[in-house]
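The values are calculated or read from the model by the stated rules, or taken from the named source; none is laboratory data. From a predicted model like this one, the values you see are computed outputs, not experimental measurements. Here the Cβ is made from the backbone with ideal geometry for all residues, glycine too, and neighbour counts use every protein chain on show. These area figures cover heavy atoms from the full protein model, side chains too; ligands, DNA and RNA do not enter into them. Shrake-Rupley method; radii C 1.70, N 1.55, O 1.52, S 1.80 Å.
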Amino acid sequence: MSKVRTVGWFEQEAQILNATKAARKAGLKVVDVYTPYAVHGLDEAMGLKPSKLTWVCLLAALGGGGGMFSLMLYTSAIAWPLNVGGKPFVSAPAFIPVTFEAAVLSAALMSVFAFFVRSKLFPGKKVVPLERVTDDRFALELLAEPEQARHFLQAQGAVVVQEVP
């Protein structure tokens, strides 16, 4: 038999957490876990690695802030130096607010872009919605033999077990 995606529906947070840990321990492939809110400890139970999105955010902030600081430095000291009341051409304290805003903006935009690219979410993508996941149910999606997955999910306390295309 071939492996298929099977979803088990749970009603409590503790059930989904225990079922996810047990599935990994039993050697079943956990495709995804759907919850109506963030469940503490679920990422460890799924065996997920820490996100690299924080590094993307940091690099984008440094690049955006550094680029803006360099642009202001270039324009005020090299391209168009103006003597305003005897102030120096390079006045770093005056550049800080704009540098900070550019760093925040570039970090936010790049983080959103990187998230969508990494999660493969793009306009027009067909996503199979699982009913009640955003309301009050928890779902564990496994990739395994149909009978093995069904028995496992029912033994863990799933109220409904179904195969998804």
**Request:** Pairs of Cα atoms under 8 Å, at least six residues apart: use those to get the relative contact order of the range 53-118, whole percent.
**Result:** 56 percent
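With a 1.4 Å probe and all protein chains left in place, how much accessible area per residue does the range 1-64 have, in Å²?
On the way: 4200 Å² over 64 residues.
Per residue, the range 1-64 has 66 Å² of solvent-accessible surface.
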**Request:** Tell me the label-point distance for the pair T54, E145, using the 7 Å Cα-to-Cβ offset, in nm and rounded to one decimal.
**Result:** 4.2 nm
**Asked** Using alpha-carbon positions, what is the distance between the centroids of the range 11-30 and the range 112-163, in Å?
**Response** 13 Å
**Prompt:** Translational D (Stokes-Einstein, µm²/s) of the chain at 25 °C and 0.890 mPa s when Rh comes from the Kirkwood sum over C-alpha pairs?
**Reply:** 125 µm²/s
**Message:** Compute the helix-to-body angle for 92-118: its Cα long axis versus the longest principal axis of the chain, expressed 0 to 90° and rounded to tens.
**Reply:** 30 degrees
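Provide the gained length on full extension for the span K125 to K29, in nm with one decimal, where the gain is 0.36 nm per separating residue minus the Cα-Cα distance. Numbers along the way, then the final one.
Numbers: separation 96, 0.36 × 96 = 34.56 nm, distance 2.38 nm.
Net length gain for the segment: 32.2 nm.
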**Asked** Using the alpha-carbon atoms, what tilt in degrees (0 to 90, nearest 10) does helix 53-74 show relative to the longest principal axis of the chain?
**Response** 10 degrees
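Once the convex hull of the C-alpha atoms of the range 53-118 is built, how many Å³ does it hold per residue, rounded to a whole number?
Numbers: hull volume 4.8 nm³, N = 66.
It is 72 Å³ per residue.
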**Item:** Highest-MSF residue in the chain out of D135, D43, D32 [GNM, Cα springs under 10 Å]
**Value:** D135
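Ignoring ligands, DNA and RNA, what accessible area per residue does the range 70-144 give at 1.4 Å, in Å²? Present the calculation step by step, with values, prior to reporting the outcome.
On the way: 5530 Å² over 75 residues.
On a per-residue basis, the range 70-144 sits at 74 Å².
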**Request:** For helix 146-155, report the angle its Cα long axis makes with the longest principal axis of the Cα atoms of the chain; keep it between 0 and 90° and round to the nearest 10°.
**Result:** 90 degrees
**Accessible area of T75 in the full protein assembly, 1.4 Å probe (Å², nearest 10)** = 60 Å²
**Item:** Fraction of accessible area attributable to carbon and sulfur, the chain (%, probe 1.4 Å)
**Value:** 65 percent
